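Derivation of every value follows stated rules applied to the coordinates shown; laboratory data play no part. This structure is a prediction, so every number in the text was calculated from the model and none was measured. Quick reminder, even Gly has a Cβ in these numbers, built from the backbone with ideal geometry, and neighbours come from all protein chains shown.
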Amino acid sequence: MQKQKTQNKLQLTTILTIIFLTTIIALTGCQQQPASETITSNYEQINQIIKNENPTIVDVRTPEEYNKGHLEGAINMNFYENNFFEEMEKLQINKPIIIYCLSGHRSDLAVKGLKGRLNVTIYEISGGIMAWQENGGKITEAKYNYLE
């Protein structure tokens with residue numbers, strides 16, 4: 001009788017262990033992984049990315065700010081537009097993206113909103129175009145110095 005109880009407990013323990021492990025495996029396998037990776041980078045890192053990876057550079061400031069000066073080759077996608085995220089998806093970018101704004105606030109919000117929407121690595125310039133210029137980074141159409 002005692003032997004039978006021990007066998008029943010062992011069988012029950014085995015069944016519960018199998019159920020537990022199956023559940024863990026199922027839950028782990030079903031977790032959706034983000035489609036994009038986001039990295040906040042400093043001036044030196046961004047310079048290396050521009051030289052080595054031929055990224056798409058996106059300025060998320062307003063057109064007025066963009067026209068005061070922007071990174072060479074940057075496209076302007078105004079973060080304040082209601083359809084900003086949809087327009088970014090329409091670009092069908094398949095290479096790394098560098099995103100920046102004036103000081104880093106809008107680009108941070110843009111990066112957070114784009115995470116999982118694009119299947120590329122997204123780099124954010126830490127401190128925005130102000131930090132870029134502060135570290136010696138050049139901008140085109142420099143009609144305004146953000147450091148003054």
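Figures for the structure shown
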read-out	value
Sorted peptide list for 111-122, 59-70, criterion being average Cβ within 10 angstrom, highest first	59-70, 111-122
Hz values of 3J(HN,Hα) by residue in the range 112-119 - Karplus curve (6.51, -1.76, 1.60), Gly and Pro given as x	4, x, 8, 4, x, 8, 10, 9
J(HN,Hα) series, the range 61-75, from Karplus relation 6.51 cos²θ - 1.76 cosθ + 1.60, nearest Hz, glycine and proline x	7, 5, x, 4, 5, 4, 5, 7, x, 8, 5, 3, x, 6, 9
Pair Val120, Asn52: separation of 7 Å Cα→Cβ label points (nm)	1.8 nm
Cα-projected label distance for Asn94 with Thr40, points at 7 Å along beta-carbon direction, nm	3.2 nm
14 Å beta-carbon shell around Gly128, net charge (K/R +1, D/E -1)	-2
Extension gain, Phe85 back to Asn67 (0.36 nm per residue minus Cα-Cα distance, nm)	4.3 nm
